[in-house]
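**Student:** First the structure, then my questions, so here it is.
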Amino acid sequence: ADQRLAPGPAPEFWPSVVAIIPARNERPTIGDVVASLKSTHYPGRLDIVVVDDHSDDGTADAAKTAGATVIAAEPLPQGWSGKLWAVHAGLEHANQACSPAPEWILLTDADIHHAPDTLRKLVAKGHDQNLALVSLMARLDSRGIWGGLLIPAFVFFFQKLYPFPWVNRHGHWMAAAAGGCMLIRRTALQEIGGIAVLKDALIDDCTLGAKLKHGPPKRRIWLGLSGSEVTSLRDNRSLKSIWTMVSRTAFTQLRHSTVLLIGAVVGMVFIYIAPWIALVWGASCQDLLLAVSGGCAIIAMSVAYWPTLQLYDQPIARTLLLPVAAAIYTAMTVTSAIHHWRGQGGKWKGRTYP
């Protein structure tokens, strides 16, 4: 949890930016999102385009009231995910309506609130380090019993899947991004073929990060954790909400492989649950070596988890609940596989993707 967005030197000329927000039935949050971007302290030009992806709840009206340019997405063609088709429509509009063409594209979600100085920091870092992509993993809602138990663990597991220092190291094979906030250099996106190259990707942010980093040509990208820069407005107090979010793409992350699923389940049990079994079993059977081994593993687990808990203002005692969170996420992953086998995988906002 050490990759954070620090202020960089300001460029001599602040380049133009277009923010593209795909939105499908996001009326409760879209107004706040647009308002946060409208109030940003950015010295250069900023255009805000909301792409209404066939909403039926008044999303477009709420976005217009907040001051965004709103366009309607065309009917979804076969082979595209709804979100990426909406982003594609926003980019096409920006290329035609913005003159000169923007140097940077901010892709953000319809539930992400931006602090006033966030865009300045993103552009300054991208300019100073000659980056093709600057991405921040938004601070997620961790209120309530389920949010406090599962959200910091979600961020922790994401960092283990995609170690941020490796992502940020030029030449390392690891690549990733966080879809809630991605600032992309327009020319770099064009060079990889635009959004169309990942049109059917359900984990589109990490796919985009890989396309940009691996090239050709190979480019520099950066991924960090957000404190107050970008925050998610999505309510995570319900277990169902978190379960739906994770089970939608967990089996996709495993490339729909039963072998990888079995390996993931065994790995989660061995790493997070076995140490507690060893400690309790060793203590009850007076097996000192077994008990000490389990205790040392629990301490190591807690030390690794503690920085992420600090980021989310959680007490240190919550480190002891990581095995519980791991067991729940394992169940979510198995559920994701079952949905896929039943032909219901990738279900999101009324659409199911094969």
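**Student:** Do you know which of the residues in segment 241-256 that are farther than 16 Å from Ile203 by Cα and either at pLDDT 95 or above or part of a loop (DSSP other than H, G, I, E, B) (or both) is farthest from the chain's Cα centre (by Cα)?
**Tutor:** Trp243
**Student:** So, one more: Scan (1) free of Cβ contacts under 8 Å to residues at least 60 places away in the same chain; (2) not in a helix (DSSP H, G or I) for the single condition Arg219 breaks and write down its number.
**Tutor:** (1)
**Student:** Test each condition in (1) among the β-branched types (Val, Ile, Thr); (2) open to solvent by less than 20 Å² (accessible area, probe 1.4 Å); (3) touching a helix residue (DSSP H, G or I) at 6+ places or on another chain (Cβ under 9 Å) for Thr65 and report the one that comes out false.
**Tutor:** Failed condition: (2).
**Student:** May I pose another question? Restricting attention to segment 224-238, does a residue exist that is under 24 Å from Val334 (Cβ atoms) and crowded, with 21+ Cβ neighbours inside 10 Å?
**Tutor:** No, segment 224-238 has no match at all.
**Student:** Which residue pairs have Cβ atoms under 6 Å apart, sit 6 or more places apart or on different chains, and have a first residue in segment 108-125 that is at negative phi and a second that is aromatic (Phe, Trp, Tyr)?
**Tutor:** From residues that are at negative phi, the pairs are Leu119/Tyr42; Arg120/Tyr42.
Conditions (1) more than 24 Å from Gly346 (Cα to Cα); (2) crowded, with 19+ Cβ neighbours inside 10 Å; (3) in contact with a Lys or Arg (Cβ under 9 Å, 6 or more places away or on another chain), marked per residue:
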position: Met245; (1), (2), (3): no, no, yes
position: His256; (1), (2), (3): no, no, no
position: Gly263; (1), (2), (3): no, no, no
position: Gly282; (1), (2), (3): yes, no, no
position: Leu289; (1), (2), (3): yes, no, no
position: Gly294; (1), (2), (3): yes, yes, no
position: Ser302; (1), (2), (3): yes, no, no
position: Asp313; (1), (2), (3): yes, no, no
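**Student:** Moving to a separate point now. Tell me which residues, restricted to segment 68-108, are open to solvent by 30 Å² or more (accessible area, probe 1.4 Å) and in contact with a Cys (Cβ under 8 Å, 6 or more places away or on another chain).
**Tutor:** none
**Student:** Among the residues of segment 1-32 satisfying the criterion of being assigned to a strand (DSSP E or B) and not aliphatic (A, V, I, L, M), which is least open to solvent (accessible area, probe 1.4 Å)?
**Tutor:** Pro22
**Student:** So which residues in segment 149-163 are open to solvent by 10 Å² or more (accessible area, probe 1.4 Å) and outside any loop (DSSP other than H, G, I, E, B)?
**Tutor:** Passing the criteria: Leu149, Phe154, Phe156, Phe157, Phe158, Gln159, Lys160, Leu161.
**Student:** Taking the condition open to solvent by 10 Å² or more (accessible area, probe 1.4 Å), farther than 16 Å from Asn236 by Cα and in contact with an Asp or Glu (Cβ under 6 Å, 6 or more places away or on another chain), does Ala115 pass?
**Tutor:** Against the criterion (open to solvent by 10 Å² or more (accessible area, probe 1.4 Å), farther than 16 Å from Asn236 by Cα and in contact with an Asp or Glu (Cβ under 6 Å, 6 or more places away or on another chain)), Ala115 qualifies.
**Student:** Would you check if Ser336 is touching a helix residue (DSSP H, G or I) at 6+ places or on another chain (Cβ under 9 Å), touching a residue at least 12 places away in the same chain (Cβ under 8 Å), among the small types (Gly, Ala, Ser) and farther than 29 Å from Glu26 by Cα?
**Tutor:** no
**Student:** Give the residues of segment 165-190 that are in a helix (DSSP H, G or I) and out of contact with any helix residue (DSSP H, G or I) (no Cβ under 9 Å at 6 or more places or on another chain), sorted by residue number.
**Tutor:** Those that are in a helix (DSSP H, G or I) and out of contact with any helix residue (DSSP H, G or I) (no Cβ under 9 Å at 6 or more places or on another chain): Pro165, Trp166, Thr187, Gln190.
The values are calculated or read from the model by the stated rules, or taken from the named source; none is laboratory data. Since this is a predicted model, take the numbers as computed values, not measurements. Quick reminder, even Gly has a Cβ in these numbers, built from the backbone with ideal geometry, and neighbours come from all protein chains shown. Accessible surface areas use protein heavy atoms only, side chains included; no ligands, DNA or RNA. Shrake-Rupley method; radii C 1.70, N 1.55, O 1.52, S 1.80 Å.
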